[in-house]
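Peer 1: Structure in structure tokens, see below.
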Amino acid sequence: MKLAILNESMINKFGIIIPKKKKFNSRDCLRMQSQLISSFIRGETQSDEAKTLSYLLNSYLSNLQLVEYETRLANLEEKLSNENPNNKSNW
């Protein structure tokens, strides 16, 4: 996939702006998904390409959410164990 660099972002051949950073957040995924849909509707993106890009964005977003939930759960478990140090149960 050919990408053009534009300040802090890149634009792929479908006109989708990809933030130039190591980690995308859920808003970035939503923005790219919206741009992909618009590109498909305008006929600038083929069905197979749109499907593939959409799948990748959805997979990334699902993994991002899973990591965020795991981090939040670990923080809650640590907080609970610090509040009650006598309770040494295994989570």
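The values are calculated or read from the model by the stated rules, or taken from the named source; none is laboratory data. Bear in mind the structure is a predicted one, so any value in this text is a computation, not a measurement. We place every Cβ from the backbone using ideal geometry, glycine too, and count neighbours over all the protein chains shown. Side chains included, ligands, DNA and RNA excluded: accessible areas come from the protein's heavy atoms. Shrake-Rupley method; radii C 1.70, N 1.55, O 1.52, S 1.80 Å.
Peer 1: Filter region 36-57 down to residues that are within 23 Å of Glu68 (Cβ to Cβ) and in contact (Cβ under 8 Å) with a residue 12 or more places away in the chain and give me whichever is least open to solvent (accessible area, probe 1.4 Å).
Peer 2: If we take residues in region 36-57 being within 23 Å of Glu68 (Cβ to Cβ) and in contact (Cβ under 8 Å) with a residue 12 or more places away in the chain, then Leu36 is least open to solvent (accessible area, probe 1.4 Å).
Peer 1: OK, next. Taking region 34-74 on its own, how many of its residues are in contact with a Ser or Thr (Cβ under 9 Å, 6 or more places away or on another chain) and within 20 Å of Lys23 (Cβ to Cβ)?
Peer 2: 6
Peer 1: Within region 58-91, track down each residue that is touching a helix residue (DSSP H, G or I) at 6+ places or on another chain (Cβ under 6 Å) and at pLDDT 85 or above.
Peer 2: Within region 58-91, just Leu61 meets the criteria.
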